[in-house]
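The values are calculated or read from the model by the stated rules, or taken from the named source; none is laboratory data. In this text, all values refer to a predicted model and were calculated from it rather than measured experimentally. Cβ placement follows ideal geometry from the backbone for every residue including glycine, while neighbour counts extend to all protein chains displayed. Areas reflect the complete protein model, heavy atoms only, side chains present, ligands, DNA and RNA absent. Shrake-Rupley method; radii C 1.70, N 1.55, O 1.52, S 1.80 Å.
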Amino acid sequence: MVSACVRKPPDLASQSAELQVQVFWGMRKRLWVFFTACAVVGGVAFLIFHYSYRNSAQAAPEPPSARVASVQRGPIEHVLALAGQFQPYQIVDVHAKVSGYIRHIYVDIGDKVRAGQLLAVLEVPELNAQAKGTVAELARSKDEISRAEHDVVRAQSEHQSLHADYLRLKQAAAAQPGLIAEQELDDAQSKDLASEAQIDAAKATLAARQRQSESAGADNERVHDLEAYTNVVAPLNGVIVWRYADTGALIQAGTTSDVQSLPLVKLSQSDLLRLRLPVPEDDVQYIHEGDEVQVQVDAVNRTFTGKVVRFTRDVSLVTRTMETEIDVENNDLSLTPGMYANTQLQLVHHDNVITIPVEAVVQNGNQASVLIVDRQNRVQTRTVQRGIQSSSRVEVLSGLSEGEQVITGGQANYQPGERVKARLADSTADNAKGDEQ
């Protein structure tokens, strides 16, 4: 019974374990509270930062971008590219001088002929009759001249005889007054004067007959010349490009005003051609005789260099262009009139000058301006003076400096003083292209 009343001492190990458990759960609870508070604070901070960033982004938008190019110094040339057309150096419709039937025609289209070569022969029967008539008239006029010459000789002989008689009577009357009747002396003097007048009349008749003979000779020569025109010959070296009539056709004289008069052939001088170029009004000032022109004829795959030979010095009111010509030798006839050719004419060349892309220039009437982007990335307007222009670049005489940046497109979208984000364009290709042009 004594053993049942004795108390057992406390278990120190179990108490220590319970205490450790309580400490562990207390620390875990405090850590959970701490991390929860940190998460709440971080979330609130994130929301505040996101809200602030969104507001700041809305309040200060990003500036617009602008495509720019650098102002550069280098060579530039103004090359004019034109399409021209070859024309014959001369082209004529060969008419007959006289009317008649074609007895024979010796040429056809495509034939090459020389100056003076016989092209056709006409048959004109009435012209042959006229020629015979003029020959007879010329012979008759020569006979009349011979008769008039004989009349002059006879009149001179009669005058000598009558004049001698008058002198003898006059001498006798002077030696013995009253021997010769006064009436007889007067009659002798009258016959002497009349015979002298007959000489003058005979000479006048002879002169008239000579003039008639000259007229008959001229008429005979005229008819024979017309008869020679029945042989139609080529007036120049060339090529027959068209034939209008055949053997037996009636051809009217080309000298008549009748619009129905028909030429025999069309003759083109093709061994020397004219290359005609329509130069625009703005480039007329640069055209000079002797300027070299690069010519490319694609139809025959031929390239050569020509020179400006002549130009009209007159601008067409319809096309606003000036006709300019280049003479092209074509002895082998490899070039055909009517062919087109592409040409390049270097009008002017400048070295070491300020140039910018053509797209950068804004033209307002007679004033040109550009938009530049300064070092603060703000837009500014500059008035510039233009020089020559190539296909891609333009010379700037004043208003810009080398290294500045100019906006090359959409200038209407920017305002002076506006901040932009410059985006530099690749100008290497543009420069190369501009130098080539």
In this structure, is Asp186 on the phi < 0 side of the Ramachandran plot, surrounded by fewer than 18 Cβ atoms within 10 Å (Cβ to Cβ), among the acidic types (Asp, Glu) and at pLDDT 80 or above?
no
Members of segment 263-306 found to be farther than 16 Å from Gly84 by Cβ and in contact (Cβ under 8 Å) with a residue 60 or more places away in the chain, listed by number:
Pro263, Leu264, Val265, Lys266, Leu267, Ser268, Gln269, Ser270, Asp271, Tyr286
Kindly indicate whether Ile326 is of a type outside the set (Lys, Arg), over 28 Å from the mean Cα position of the chain (by Cα) and under 26 Å from Ser390 (Cβ atoms).
no
Segment 76-86, residues that are out of contact with any Phe, Trp or Tyr (no Cβ under 9 Å at 6 or more places or on another chain) and either modelled with pLDDT under 90 or crowded, with 16+ Cβ neighbours inside 10 Å (or both)
Ile76, Glu77, Val79, Leu82
Residue in segment 307-316 that is open to solvent by less than 70 Å² (accessible area, probe 1.4 Å), touching a His at 6+ places or on another chain (Cβ under 6 Å), touching a residue at least 24 places away in the same chain (Cβ under 8 Å) and not in a strand (DSSP E or B) present
no
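Would you be able to say whether some residue in segment 254-261 is among the aliphatic types (A, V, I, L, M) and surrounded by 16 or more Cβ atoms within 10 Å (Cβ to Cβ)? Full working, then the answer.
Step one: filter segment 254-261 for residues among the aliphatic types (A, V, I, L, M), giving 259.
Checking the rest, the ones that are also surrounded by 16 or more Cβ atoms within 10 Å (Cβ to Cβ) come to none.
So far as segment 254-261 goes, no, none of its residues is among the aliphatic types (A, V, I, L, M) and surrounded by 16 or more Cβ atoms within 10 Å (Cβ to Cβ).
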Could you pull out the residue among Ala139, Ala174 that is closer than 27 Å to Thr230 by Cα and either open to solvent by 40 Å² or more (accessible area, probe 1.4 Å) or in contact with a Gly (Cβ under 7 Å, 6 or more places away or on another chain) (or both)?
Ala139
The one condition in (1) of a type in the set (S, T, N, Q); (2) surrounded by 12 or more Cβ atoms within 10 Å (Cβ to Cβ); (3) farther than 22 Å from Gln90 by Cβ that Thr324 fails to fulfil
(3)
Ser401 fails exactly one of (1) free of Cβ contacts under 8 Å to residues at least 24 places away in the same chain; (2) surrounded by fewer than 14 Cβ atoms within 10 Å (Cβ to Cβ), namely (1)
Given (1) closer than 19 Å to Leu397 by Cβ; (2) surrounded by 15 or more Cβ atoms within 10 Å (Cβ to Cβ); (3) modelled with pLDDT of 90 or more; (4) touching a strand residue (DSSP E or B) at 6+ places or on another chain (Cβ under 8 Å), identify the lone condition not met by Glu359.
(4)
Flag if Gly387 is assigned to a loop (DSSP other than H, G, I, E, B), touching a residue at least 24 places away in the same chain (Cβ under 8 Å) and farther than 30 Å from Tyr89 by Cα
no
Take the conditions within 30 Å of Gln87 (Cβ to Cβ), open to solvent by 40 Å² or more (accessible area, probe 1.4 Å) and of a type outside the set (Ser, Thr, Tyr) and apply them to Asp351. Does it pass?
no
Pull up segment 397-415, narrow it to residues that are modelled with pLDDT of 90 or more and touching a helix residue (DSSP H, G or I) at 6+ places or on another chain (Cβ under 6 Å), then point me to the one that is farthest from Thr381 (Cα to Cα).
Thr408
For Ile145, which of the numbered conditions (1) free of Cβ contacts under 8 Å to residues at least 60 places away in the same chain; (2) under 30 Å from Ser215 (Cα atoms) fails to hold?
(1)
Between residues in segment 224-236 that are surrounded by 16 or more Cβ atoms within 10 Å (Cβ to Cβ) and polar (S, T, N, Q) and residues that are outside any helix (DSSP H, G or I) and at pLDDT 90 or above, which pairs lie under 6 Å by C-beta distance while being six or more apart or on different chains?
Thr230/Leu122
Checked against (1) more than 30 Å from Ala164 (Cα to Cα); (2) of a type in the set (A, V, I, L, M, F, W, C); (3) open to solvent by less than 70 Å² (accessible area, probe 1.4 Å), Ala197 satisfies every condition except (1)
Count, please, the residues in segment 375-391 that happen to be more than 21 Å from Val284 (Cα to Cα) and open to solvent by less than 30 Å² (accessible area, probe 1.4 Å).
2
